[in-house]
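One structure is given below, encoded as structure tokens.
The values are calculated or read from the model by the stated rules, or taken from the named source; none is laboratory data. These numbers were taken from a predicted model, which means no experiment stands behind them. Please note: Cβ atoms are built from the backbone with ideal geometry, for glycine as well, and neighbour counts cover all protein chains shown. Keep in mind that these areas ignore ligands, DNA and RNA; they rest on the heavy atoms of the full protein, side chains included. Shrake-Rupley method; radii C 1.70, N 1.55, O 1.52, S 1.80 Å.
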Amino acid sequence: MFPEHRPRRLRSTPAMRRMVSETTLRPHQLILPLFVAEAASEPRPISSMPGVVQHTRETVRKAAADAVEAGVGGLMLFGIPETHDATGSAATDADGILNATLRDLRSDLGDDTVLMADTCLDEFTDHGHCGVLDSAGAVDNDATLERYAEMALAQAEAGAHLLGPSGMMDGQVGVIRRALDDAGYSETGILAYSAKYASAFYGPFREAVDSQLRGDRKTYQQDPANAREALREIELDIAEGADIVMVKPALAYLDIVKAAAEVSPVPVAAYNISGEYSMVEGAAANGWIDRERTILEVLTSIRRAGADLVLTYWAAEVAGWLD
Ligand code: PBG
């Protein structure tokens, strides 16, 4: 007890604090999400996400190359098609905006980065749901899996290293794994959005991808009140062949990140999502918080909770600070 015990000794100088620092934040641990819009003729600002844009097929190439140059671990691509329909046809069209961009970036960057894509239909459907609907208007799990398998093959063919199924359909990882293996894409991996919650923090993302959604995703995304089912989802995804599992959102779910890190035999990612980004940007723009310190604290906290990887819209900028 005091006075023998004085924890402040280990905080007394910058060198002392550096020596006993437990959590690292390195560029390769950060993954940059990028938006590319088919109809854009120049980068379009996303008003609810200051600093983030919808790229054109051309401008995304430079943004991607710059991020890789800055040292980020990988890129997660989202496509915004010009036309939407009930089954999200543009998602499986080899010339659709997402697949075309994947092909561009793979040819530009080769294996210099880890190229990932959102394997989900919501950006492509006219109803904005992550799957196809049955005659009653409900999201049809098993019919959606067939579309995911097709989408996975299109993305693998276009050059994605890792696919990111984010639709929270039961069985999605297993179906995608089998489809990839049967087509000879055994080297293409799966970053599974395993524990994904029905969160209000996705708000700004809806603008980012011109989402057509009315209603909500509560029949497929998890209830924020629940922790147990996150572990069940993670176990199932690992059994189905996930190479990496993800928890999303990150900040309000750090307990889930920690629980995942404790049990997972594969790397754990966490997605620091749009609303988390915009809260910090909004407060910083008002002068209410120190932007740079807050960003580093947010990302360090997600790492401290146990995430090996963090998807963040700040990835390229922060990678630059860390070097
Ligand atoms: C679904 C998807 C979403 C996000 C990533 N993939 C939206 C949703 O589930 O409603 C959200 C990312 C963010 O908010 O930053 N394709």
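This table checks each residue for (1) crowded, with 20+ Cβ neighbours inside 10 Å; (2) acidic (Asp, Glu); (3) over 21 Å from residue 116 (Cα atoms); (4) free of Cβ contacts under 8 Å to residues at least 60 places away in the same chain.
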position	(1), (2), (3), (4)
135	no, no, yes, yes
140	no, yes, yes, yes
147	yes, no, no, no
156	yes, no, no, yes
184	no, no, no, yes
193	yes, no, no, no
198	no, no, yes, yes
209	yes, no, no, no
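Against the condition out of contact with any Lys or Arg (no Cβ under 7 Å at 6 or more places or on another chain) and not in a helix (DSSP H, G or I), how does residue 112 come out, does it pass?
yes
Of the residues examined, residue 60 is one that is open to solvent by less than 20 Å² (accessible area, probe 1.4 Å) and either in a loop (DSSP other than H, G, I, E, B) or more than 16 Å from the ligand (Cβ to nearest atom) (or both). The set of residues in the stretch 67-80 being surrounded by fewer than 22 Cβ atoms within 10 Å (Cβ to Cβ) and either of a type in the set (Ser, Thr, Tyr) or assigned to a loop (DSSP other than H, G, I, E, B) (or both) consists of 71 alone. Contact map, the stretch 119-132: residues that are basic (Lys, Arg) paired with residues that are not in a loop (DSSP other than H, G, I, E, B), Cβ distance under 7 Å, separation 6+ or inter-chain. No pairs are found. For residue 35, are the conditions met, namely being closer than 30 Å to residue 140 by Cβ, out of contact with any helix residue (DSSP H, G or I) (no Cβ under 6 Å at 6 or more places or on another chain) and open to solvent by less than 60 Å² (accessible area, probe 1.4 Å)? No: the conditions fail for residue 35.
Return yes or no: is residue 231 among the hydrophobic types (A, V, I, L, M, F, W, C) and closer than 20 Å to residue 142 by Cα? Full working, then the answer.
Numbers: among the hydrophobic types (A, V, I, L, M, F, W, C): yes; closer than 20 Å to residue 142 by Cα: no.
The answer is no for residue 231.
Of the set (1) of a type in the set (Ser, Thr, Tyr); (2) within 7 Å of the ligand (Cβ to nearest atom); (3) in contact with a Cys (Cβ under 9 Å, 6 or more places away or on another chain), all apply to residue 202 but (3). Residue 175 - would you say it is within 20 Å of residue 197 (Cα to Cα), surrounded by fewer than 23 Cβ atoms within 10 Å (Cβ to Cβ) and more than 13 Å from the ligand (Cβ to nearest atom)? It is false that residue 175 is within 20 Å of residue 197 (Cα to Cα), surrounded by fewer than 23 Cβ atoms within 10 Å (Cβ to Cβ) and more than 13 Å from the ligand (Cβ to nearest atom).
Within the set 149, 117, the sole residue that is over 13 Å from residue 78 (Cβ atoms), hydrophobic (A, V, I, L, M, F, W, C), within 20 Å of the chain's Cα centre (by Cα) and not in a loop (DSSP other than H, G, I, E, B) turns out to be 149.
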